[in-house]
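Everything below concerns the one structure shown next.
The values are calculated or read from the model by the stated rules, or taken from the named source; none is laboratory data. This one's a predicted model, so the numbers in the text were calculated from it and none came from an experiment. Here the Cβ positions follow ideal geometry from the backbone for every residue, glycine too, while neighbour counts run over all protein chains shown. These area figures cover heavy atoms from the full protein model, side chains too; ligands, DNA and RNA do not enter into them. Shrake-Rupley method; radii C 1.70, N 1.55, O 1.52, S 1.80 Å.
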Amino acid sequence: MLRAPIAVMVSLALALLALYGSPARAATAPPARHAVLIGVPGLQWSDVSPTATPHLWQLARGGATGLLSVRTVGRLTCPNDGWATVSAGARSASGPYCHKPITVSPSGTGAVVNDIAAIRRANAGFGTIGLFGDAVHRAGGCTTAVGAGAALGAGDSSGRVDAYAPDIAALPSGDWARCAATVVDAGAVTGPDRVSEARRADAAVGTVLTRLPADAHVLVAGISDHDRIPHLRLVLATGPGTAGRYLGSDSTRRANMVILPDLTATLMTWLGVPGPAALIGTPLLPDASRPAALDSAVQDLRSQDVAAQTHRNLLPGFFAAFVVAQLLLYGSAAIALQLRWAGRRRTRILAATRLTALVAAAVPVSTYLVNLVPWWHGSHPLPSLVAGIAAVDALIVAAAVSGPWRRWVLGPGTLIAGVTAAVLGADLLTGSHLQLNSLMGYSPLVGGRYYGMGNIAFAVLATSTLLAAAGVAQWLEPRRGRRAAVAAVLAMTLVAALLDSWTAWGSDFGGLIAFVPGLATTALLVSGRRVSFIRLQLLRGAGMALVLGVAYLDYLRPPAQQTHMGRFFGQLVQGNALPWLERKFTAMVHTFGNPTLLPIVIAAFLFLLLVLHRPGRAGAGGLQLAYDRAPMLRAGLSGAFVTALVGGAVNDSGIAVPALALAVAVPLALAATVTALQSREDTGSPTAPAPGLTLRPAEG
């Protein structure tokens, strides 16, 4: 009775066990006798040039360069949040000290951060303040700090640093080589006169470089935001193998992007200090070769920040327009299906309704495919992005309505769903470049995810895969039999689930929990079996158990190679998972008040139930007609809705998951409904099948 879903979960478990892993790379830099971090809060690549900042430019020429995402626990990262994150090696907050200065008291040749206890309390539930300093002291080393912020970054859990000076000029020349670990606050680049601030910071960096030992490995990083606008900040590193390279890390799996905790991990790696389990960052890795001309490399890094800023600026308007377009689609379709149009007018109106529905269904995949072209490199990135999305959408819809499948009830929708699933799957296999800065992907400024499968993209992938699988099953069933149809569903959904969950690709914790009951529901209905409430709960529980098993496998690996799945299992084992779960649950609940996405969910459900599904009153019962002509449509929609509901409950994106699932599923259901109505009118029979389709309904 449960053979189909059991086969799904057993196959998925075996595949995960066989393929499980992540593309962790070993750090190539040898241990350094001196490791130095120079923090310049607010510094970004647009501040750097050969004339304005000659020391930074020369350092970049001989080292590796990259982008630094400084997102910690709030929308903006103040300088003390950045220093607290360096101290903890994990995203952290300075609490009330974000808006007031850190004070330091001398202690022998060193100093103690006066406010360390209050900062530790304010940071409860996040990183461990003092992790870096404690690790250095346990290894028998000492720490030097220049500036109060640097003292917070380098201090141990008691706030102590072994050598301290309030500014660069005040640190005795002998103390620059005294400790292997040195952290310097070179001052922030803030305010309206950024050119002057950058010149001052560059002069400070130049002074530090002249005083450091010759064997020092140096990191320079813009460790925080400034004002009210988040940006991708500057990071560069010197040392063997860094010249002419971009700077990436396993934390982001990007060749030219890193996160704040990576700075801590890098300093520890350079010093040969073991990384504690609570360390989230990974060492910086000189990765892909950059353009030979430093000007070109810097321009490329600047343009990546432009892409992130364009994404941030366009996102609210895009989703507002997306919601309005969805509402207009449902309203106009309700009128088109309700009124008793006659003759050619009705034919034209139905054709226009189907075309509009297909255009709407192709919008999500178009927002990913447009990233194949570097639209952010031009002088007008916003118009280029919008025009690119429109052009890609038009090409996909043209293909959907021009092939031999165009007259099949599920033909055009299956092509769009299949293209969408294939694009997202290929994106995961090739490093998830299309999701970064996509309007339905994720942003490095938000910092929720830098690689793999985002929650919105998961909703699009899961829905598209299930509907594409249903369309393929509908085509196969009259030709090869129901077993072949079930096998096709299992194969397609299993591949998508693997891509979504395997840590080397999607690394999606909540996605697998939601995907398993949805794909099993579709497989059961295609095989002709019913889906009871108890069976559905068993499938959901099985999905959670499978995810915990994957997380356990990740937990068994070394801490530096674990993903968020393994770290979560470690929190469960240690009894520290409750704060993380509370934050996720709170974030999920808050999404149900989202004024942008909530209307999509309400309108889509009402349209589906009151217009497409109900005969006579608001519609013509067209969805039931589509079910009669293509029974597998019910299986695909049912699985998609199950996945959407479970996904909304287990992801911190909450209502965004069902909203985007419905935004894909309902337009495709509408297109199938209109095609079924057109086919009925063309044949003159309420039950005549569309070409290549069977009328045999699924059992139950």
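Hey, any hits in the stretch 366-378 for a residue that's over 21 Å from the mean Cα position of the chain (by Cα) and in contact (Cβ under 8 Å) with a residue 40 or more places away in the chain?
Yes, because at least one residue in the stretch 366-378 is over 21 Å from the mean Cα position of the chain (by Cα) and in contact (Cβ under 8 Å) with a residue 40 or more places away in the chain.
The residues on offer are GLY518, GLY481, GLY471, and the sole one that is small (Gly, Ala, Ser), at positive phi, at pLDDT 85 or above and open to solvent by less than 30 Å² (accessible area, probe 1.4 Å) is GLY481.
Restricted to the stretch 661-700, and to residues that are on the phi > 0 side of the Ramachandran plot and open to solvent by 50 Å² or more (accessible area, probe 1.4 Å), which residue is modelled with the lowest pLDDT? By that ranking, first place goes to GLY700.
Taken as a whole, the stretch 380-397 holds at least one residue that is within 18 Å of ALA665 (Cβ to Cβ), crowded, with 20+ Cβ neighbours inside 10 Å and more than 23 Å from the chain's Cα centre (by Cα).
Suppose we filter the stretch 174-210 for residues that are out of contact with any Cys (no Cβ under 6 Å at 6 or more places or on another chain), in contact (Cβ under 8 Å) with a residue 12 or more places away in the chain and within 22 Å of GLY133 (Cα to Cα); how many remain? Of the residues in the stretch 174-210, 13 are out of contact with any Cys (no Cβ under 6 Å at 6 or more places or on another chain), in contact (Cβ under 8 Å) with a residue 12 or more places away in the chain and within 22 Å of GLY133 (Cα to Cα).
Take the residues of the stretch 342-363 that are charged (D, E, K, R) and more than 34 Å from the chain's Cα centre (by Cα): which is least open to solvent (accessible area, probe 1.4 Å)? By that ranking, first place goes to ARG346.
Once the stretch 410-436 is narrowed to residues that are open to solvent by 10 Å² or more (accessible area, probe 1.4 Å) and either within 26 Å of LEU260 (Cβ to Cβ) or part of a loop (DSSP other than H, G, I, E, B) (or both), the residue that is modelled with the lowest pLDDT is GLY431. Taken over the stretch 620-630, the criterion of being open to solvent by 10 Å² or more (accessible area, probe 1.4 Å), touching a residue at least 24 places away in the same chain (Cβ under 8 Å) and either touching a strand residue (DSSP E or B) at 6+ places or on another chain (Cβ under 8 Å) or outside any helix (DSSP H, G or I) (or both) is satisfied by ALA620 alone. Condition test on GLY448, is it surrounded by fewer than 24 Cβ atoms within 10 Å (Cβ to Cβ), in a loop (DSSP other than H, G, I, E, B) and of a type in the set (Gly, Ala, Ser)? Against the criterion (surrounded by fewer than 24 Cβ atoms within 10 Å (Cβ to Cβ), in a loop (DSSP other than H, G, I, E, B) and of a type in the set (Gly, Ala, Ser)), GLY448 qualifies. Just so you know, in the stretch 329-341 the residues that are within 24 Å of MET440 (Cβ to Cβ) and of a type in the set (A, V, I, L, M, F, W, C) include one that is surrounded by the fewest Cβ atoms within 10 Å (Cβ to Cβ), and it is LEU329. Can you find a residue that is basic (Lys, Arg) and assigned to a loop (DSSP other than H, G, I, E, B) anywhere in the stretch 200-221? Within the stretch 200-221 (the criterion being basic (Lys, Arg) and assigned to a loop (DSSP other than H, G, I, E, B)), the answer is no, since none of the residues qualifies. Checking each residue in the stretch 251-301 for being of a type in the set (Val, Ile, Thr), open to solvent by less than 40 Å² (accessible area, probe 1.4 Å) and assigned to a helix (DSSP H, G or I) picks out THR264, THR266, VAL298.
Considering the stretch 211-221, and only residues there that are over 14 Å from THR53 (Cα atoms) and touching a residue at least 60 places away in the same chain (Cβ under 8 Å), the residue that is most open to solvent (accessible area, probe 1.4 Å) turns out to be ASP215. In the stretch 642-660, the condition of being of a type in the set (D, E, K, R), open to solvent by 10 Å² or more (accessible area, probe 1.4 Å), under 19 Å from ILE349 (Cα atoms) and at pLDDT below 85 is met by no residue. Residues that are open to solvent by 30 Å² or more (accessible area, probe 1.4 Å) and either acidic (Asp, Glu) or out of contact with any Ser or Thr (no Cβ under 9 Å at 6 or more places or on another chain) (or both) within the stretch 118-141 comprise ARG121, ALA124, GLY125, ASP134, ARG138, ALA139, GLY140, GLY141, listed in sequence order.
Going by the conditions given, is ARG75 farther than 30 Å from GLY140 by Cα, among the charged types (D, E, K, R) and not in a loop (DSSP other than H, G, I, E, B)? Answer is no for this residue.
Of the residues making up the stretch 184-210, those that are farther than 20 Å from VAL70 by Cα and open to solvent by 20 Å² or more (accessible area, probe 1.4 Å) number 10. Of the residues GLN304, GLN326, GLN309, which is in contact (Cβ under 8 Å) with a residue 60 or more places away in the chain, of a type in the set (S, T, N, Q), more than 29 Å from GLY153 (Cβ to Cβ) and open to solvent by less than 50 Å² (accessible area, probe 1.4 Å)? Only one candidate qualifies: GLN326.
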